[in-house]
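**Student:** Structure in structure tokens, see below.
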Amino acid sequence: MASAVSKTPMLRAAAARGFAAQAQAAAACRGSADVQCTNLPNKMTVASAESGAAVARVSIVYRAGSRNETADNLGASHVLRAAAGLSTKTATTFGITRNLQQVGSSLTATSDRETITYTVAVTKDELETGLKFLEAAATGQVFKPWELADLTTRVKADIAQVPTEVEAVESLHKAAFHSGLGNSVFCPGYNAGKHSSETMQHYVAANCTAARAAVAGVGVDHQLLVGFAQSLNLQSGSSSESKVDNFNSSEIRHERGGNRAAVAVATHAPGWNSLNECLAGYVLQYAAGTGPVTKRGANNGALTKLIGESVASSALYSSYSDNGLFGFVVAGNAKEVGKAVEAGVKGLRSLNVSDADVARGKAGVYSWIAEYLESHGTLAFDLGEQAALLGKIYKKAEILAAIESVSTSDVQAAARKLASGKLAVGAVGNLSSVPYLCSLN
């Protein structure tokens, strides 16, 4: 999605000094993959990694995901994500698109339950232009009423394209947390087209502030990035968070016709604020099984093999800064899903992992994280998420070393804790065979 050209010089004094020093700094750090992190006086966090690649990626991240929505503005984060590239205080939509394409750049906006991220990817010789676009798109939203009205079609298309399995996981979150983390990353259908310009401006003013922001970059000199962050015209705001969302044992069922169903079942799990427990949870997820790794392969996980081959299944671990969910997702023929859910709950209650399961789980997590951080695009996203949510950066080597230190006893302890937890359920489709929560708890 294209973003924004500024017709006036964007870079203020600090940023200009940063660009002046760019050649020297790049020469000094070319080829270095060291991650650097700086906390600014306005509580904004800046993180960077020098990649040596020809393309630089810079992200502005806000703690403005769907968990920050209220009953009055549900779906605001979805609209904010979709509105990236619309007219700003300094550029029209046409100007944004044309000028980004002219330099071969791209601007994307992604969001989840905790953050929204604006990212520009641009060749280093056009970095100044790319940063102008990024600042305009991420800090200069105006939400013209006619543009918001035109955006409704896109929002409704996003809603219509949500897969059944994803809808089941979204329903699981709503059942487990009700509000906060229970808010979907997709706008409710009944709210599509009903977010006014004033509603969106209020949401941005409350959540897109310096104290709730981070700037991350890959292939960019760190001091230059600090200068860019200091130049952003953001209100200071408050960094305070809403209370931690409490887990609730409840269910949400969307009864529909057809011959298929998708069900997500989970119990409460730790978040990233308990790093060791969180990593043990990821190892347990991969040990429990995340689906076949080859075409027409078998489910050989400790949990998925108990669910059986009649349906598609995978262990589920959704972790957030202060909370999480662990369980499983099954999808398939409506007549088979009910038995699979019962088998999955029984397996979850008695989940026992061996040394071989843990070794396989650690290898899976190790490979996933190593591959995830090899891509400059996902590395930039990860740096931004950590900077915005944690205010610090865990380096790749630190994460991999922490995974290696996870023992079988750690994973078994995590499994025992999950076995005694209450359950939450999200189900979508033909649910005639799917048991109700009261018979599963």
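The values are calculated or read from the model by the stated rules, or taken from the named source; none is laboratory data. Source: prediction; values computed, not measured. Cβ placement follows ideal geometry from the backbone for every residue including glycine, while neighbour counts extend to all protein chains displayed. For the accessible areas, the whole protein counts, side chains as well, though only heavy atoms, and no ligand, DNA or RNA atoms are used. Shrake-Rupley method; radii C 1.70, N 1.55, O 1.52, S 1.80 Å.
**Student:** Inside the range 338-422, counting only helices (runs of 4 or more DSSP H) that do not spill past its ends, which hold 2 or more residues that are hydrophobic (A, V, I, L, M, F, W, C) and closer than 16 Å to Ala302 by Cα? Steps first, answer last, please.
**Tutor:** Numbers: elements: 355-374, 376-390, 396-404, 408-419.
Passing ranges, in order: 355-374, 408-419.
**Student:** Could I ask something else about it? Considering each of Gln161, Gln201, Gln230, Gln235 in turn, give the residue that is open to solvent by 40 Å² or more (accessible area, probe 1.4 Å) and within 22 Å of Phe381 (Cα to Cα). Spell out how you get there, then give the answer.
**Tutor:** On the way: Gln161 fails: within 22 Å of Phe381 (Cα to Cα); Gln201 fails: within 22 Å of Phe381 (Cα to Cα); Gln235 fails: within 22 Å of Phe381 (Cα to Cα).
Matching residue, one of Gln161, Gln201, Gln230, Gln235: Gln230.
**Student:** Would you confirm, using the coordinates I've provided, whether Val406 is over 26 Å from the mean Cα position of the chain (by Cα) and in contact (Cβ under 8 Å) with a residue 12 or more places away in the chain? Give the derivation first.
**Tutor:** Working: over 26 Å from the mean Cα position of the chain (by Cα): no; in contact (Cβ under 8 Å) with a residue 12 or more places away in the chain: yes.
It is false that Val406 is over 26 Å from the mean Cα position of the chain (by Cα) and in contact (Cβ under 8 Å) with a residue 12 or more places away in the chain.
**Student:** Also, quick follow-up: Take the conditions of a type in the set (Val, Ile, Thr), surrounded by 24 or more Cβ atoms within 10 Å (Cβ to Cβ), in a helix (DSSP H, G or I) and modelled with pLDDT of 95 or more and apply them to Val61. Does it pass? Full working, then the answer.
**Tutor:** On the way: of a type in the set (Val, Ile, Thr): yes; surrounded by 24 or more Cβ atoms within 10 Å (Cβ to Cβ): yes; in a helix (DSSP H, G or I): no; modelled with pLDDT of 95 or more: yes.
So Val61 fails the test.
**Student:** Can you tell me which residues in the range 325-337 are among the hydrophobic types (A, V, I, L, M, F, W, C) and either part of a helix (DSSP H, G or I) or within 16 Å of Thr164 (Cα to Cα) (or both)? First the steps, then the outcome.
**Tutor:** Initially, the range 325-337 is screened for residues among the hydrophobic types (A, V, I, L, M, F, W, C), giving 325-326, 328-331, 334, 337.
Scanning the range 325-337 gives Phe328, Val329, Val330, Ala331, Ala334, Val337.
**Student:** Only one of Lys89, Lys124, Lys132 is open to solvent by 40 Å² or more (accessible area, probe 1.4 Å) and free of Cβ contacts under 8 Å to residues at least 60 places away in the same chain. Can you tell me which? So that I can check it myself, show each step before the final result.
**Tutor:** Numbers: Lys124 fails: free of Cβ contacts under 8 Å to residues at least 60 places away in the same chain; Lys132 fails: free of Cβ contacts under 8 Å to residues at least 60 places away in the same chain.
Result: Lys89 is the single residue among Lys89, Lys124, Lys132 that is open to solvent by 40 Å² or more (accessible area, probe 1.4 Å) and free of Cβ contacts under 8 Å to residues at least 60 places away in the same chain.
**Student:** Hey, can you tell me all the residues within the range 187-198 that are surrounded by fewer than 14 Cβ atoms within 10 Å (Cβ to Cβ) and not charged (D, E, K, R)?
**Tutor:** Taking the range 187-198 first, the residues surrounded by fewer than 14 Cβ atoms within 10 Å (Cβ to Cβ) are 188-190, 196, 198.
Scanning the range 187-198 gives Pro188, Gly189, Tyr190, Ser196.
**Student:** Would you pick out the residues in the range 251-275 that are closer than 18 Å to Ile399 by Cβ and touching a helix residue (DSSP H, G or I) at 6+ places or on another chain (Cβ under 7 Å)? Step through it out loud before you land on a result.
**Tutor:** Our first condition is that a residue be closer than 18 Å to Ile399 by Cβ; within the range 251-275, this holds for 270-275.
Residues satisfying the conditions are Pro270, Gly271, Trp272, Leu275.
**Student:** So, in the range 376-388, exactly how many residues are closer than 23 Å to Leu316 by Cα and open to solvent by 50 Å² or more (accessible area, probe 1.4 Å)?
**Tutor:** Narrowing the range 376-388 to residues closer than 23 Å to Leu316 by Cα: 378-379, 381-382, 385-386.
From what is left, the residues that are open to solvent by 50 Å² or more (accessible area, probe 1.4 Å) are 381.
Total satisfying the criteria: 1.
**Student:** So Phe143 ticks every box in (1) modelled with pLDDT of 95 or more; (2) at negative phi but one. Which box is left unticked?
**Tutor:** Every condition holds for Phe143 apart from (2).
**Student:** Within the range 36-58, can you find the residues that are part of a strand (DSSP E or B) and either surrounded by 24 or more Cβ atoms within 10 Å (Cβ to Cβ) or of a type in the set (A, V, I, L, M) (or both)?
**Tutor:** Thr45, Val46, Ala47, Ser48, Ala49, Val55, Ala56, Arg57, Val58
**Student:** Regarding the range 165-178, can at least one residue be identified that is over 22 Å from Ser250 (Cα atoms) and among the aliphatic types (A, V, I, L, M)? It would help to see each step written out before you state the result.
**Tutor:** At the first step, the residues of the range 165-178 found to be over 22 Å from Ser250 (Cα atoms) are none.
No: zero hits.
**Student:** Within the range 396-414, how many residues are crowded, with 18+ Cβ neighbours inside 10 Å and over 30 Å from Ser375 (Cβ atoms)?
**Tutor:** Of the residues in that region, 2 qualify.
**Student:** Evaluate the range 189-204: report whether one residue or more is under 30 Å from Glu255 (Cβ atoms) and in contact with a Cys (Cβ under 6 Å, 6 or more places away or on another chain). I'd like the intermediate steps shown before the answer.
**Tutor:** Here is the first cut: in the range 189-204, the residues under 30 Å from Glu255 (Cβ atoms) are 189-195.
Still in the list and also in contact with a Cys (Cβ under 6 Å, 6 or more places away or on another chain): none.
Within the range 189-204 (the criterion being under 30 Å from Glu255 (Cβ atoms) and in contact with a Cys (Cβ under 6 Å, 6 or more places away or on another chain)), the answer is no, since none of the residues qualifies.
**Student:** Taking the range 142-158 as the region of interest, how many residues are touching a residue at least 24 places away in the same chain (Cβ under 8 Å) and either touching a Lys or Arg at 6+ places or on another chain (Cβ under 8 Å) or open to solvent by 60 Å² or more (accessible area, probe 1.4 Å) (or both)? Please lay out each step first, then the result.
**Tutor:** Going residue by residue through the range 142-158, those that are touching a residue at least 24 places away in the same chain (Cβ under 8 Å) are 142-145, 147-149, 151-152, 154-156, 158.
If we keep only those that are either touching a Lys or Arg at 6+ places or on another chain (Cβ under 8 Å) or open to solvent by 60 Å² or more (accessible area, probe 1.4 Å) (or both) as well, we get 142, 144-145, 149, 154, 156.
Residues flagged as touching a residue at least 24 places away in the same chain (Cβ under 8 Å) and either touching a Lys or Arg at 6+ places or on another chain (Cβ under 8 Å) or open to solvent by 60 Å² or more (accessible area, probe 1.4 Å) (or both) within the range 142-158 amount to 6.
**Student:** Hey, Ser179 hits all of (1) modelled with pLDDT under 95; (2) within 27 Å of Leu234 (Cα to Cα) but one; which does it fall short on?
**Tutor:** That leaves (2) as the condition not met.
**Student:** Looking at this structure, is Thr115 within 20 Å of Gln201 (Cα to Cα), free of Cβ contacts under 8 Å to residues at least 24 places away in the same chain and assigned by the TED database to the domain that holds Val215?
**Tutor:** no
**Student:** Considering only residues that are surrounded by fewer than 19 Cβ atoms within 10 Å (Cβ to Cβ) and not hydroxyl-bearing (Ser, Thr, Tyr), look in the range 278-294 and name the one that is modelled with the lowest pLDDT.
**Tutor:** In the first step, residues of the range 278-294 are kept if they are surrounded by fewer than 19 Cβ atoms within 10 Å (Cβ to Cβ); the result is 291-294.
Retained after the next criterion (residues that are not hydroxyl-bearing (Ser, Thr, Tyr)): 291-293.
Working: Gly291: 83, Pro292: 80, Val293: 76.
That would be Val293.
**Student:** Checking the structure you have, find out if any residue of the range 186-193 is closer than 25 Å to Ala388 by Cβ and either free of Cβ contacts under 8 Å to residues at least 60 places away in the same chain or touching a strand residue (DSSP E or B) at 6+ places or on another chain (Cβ under 7 Å) (or both). If you could, list the steps in order and put the result at the bottom.
**Tutor:** Quick first cut of the range 186-193, residues closer than 25 Å to Ala388 by Cβ only: 186-187.
From what's left, either free of Cβ contacts under 8 Å to residues at least 60 places away in the same chain or touching a strand residue (DSSP E or B) at 6+ places or on another chain (Cβ under 7 Å) (or both): none.
Among the residues of the range 186-193, not one is closer than 25 Å to Ala388 by Cβ and either free of Cβ contacts under 8 Å to residues at least 60 places away in the same chain or touching a strand residue (DSSP E or B) at 6+ places or on another chain (Cβ under 7 Å) (or both), which makes the answer no.
**Student:** When you go through Lys417, Lys422 one by one, which is the residue that is open to solvent by 70 Å² or more (accessible area, probe 1.4 Å) and free of Cβ contacts under 8 Å to residues at least 12 places away in the same chain? Working first, answer last.
**Tutor:** Working: Lys422 fails: free of Cβ contacts under 8 Å to residues at least 12 places away in the same chain.
Of the residues listed, the single one that is open to solvent by 70 Å² or more (accessible area, probe 1.4 Å) and free of Cβ contacts under 8 Å to residues at least 12 places away in the same chain is Lys417.
**Student:** Kindly indicate whether Gly308 is farther than 15 Å from Val434 by Cβ and at pLDDT 95 or above.
**Tutor:** Working: farther than 15 Å from Val434 by Cβ: yes; at pLDDT 95 or above: no.
It is false that Gly308 is farther than 15 Å from Val434 by Cβ and at pLDDT 95 or above.
**Student:** Ok, one more. It is to be established whether one or more residues within the range 353-375 are of a type outside the set (A, V, I, L, M), modelled with pLDDT under 95, within 16 Å of Lys305 (Cβ to Cβ) and surrounded by fewer than 16 Cβ atoms within 10 Å (Cβ to Cβ).
**Tutor:** yes
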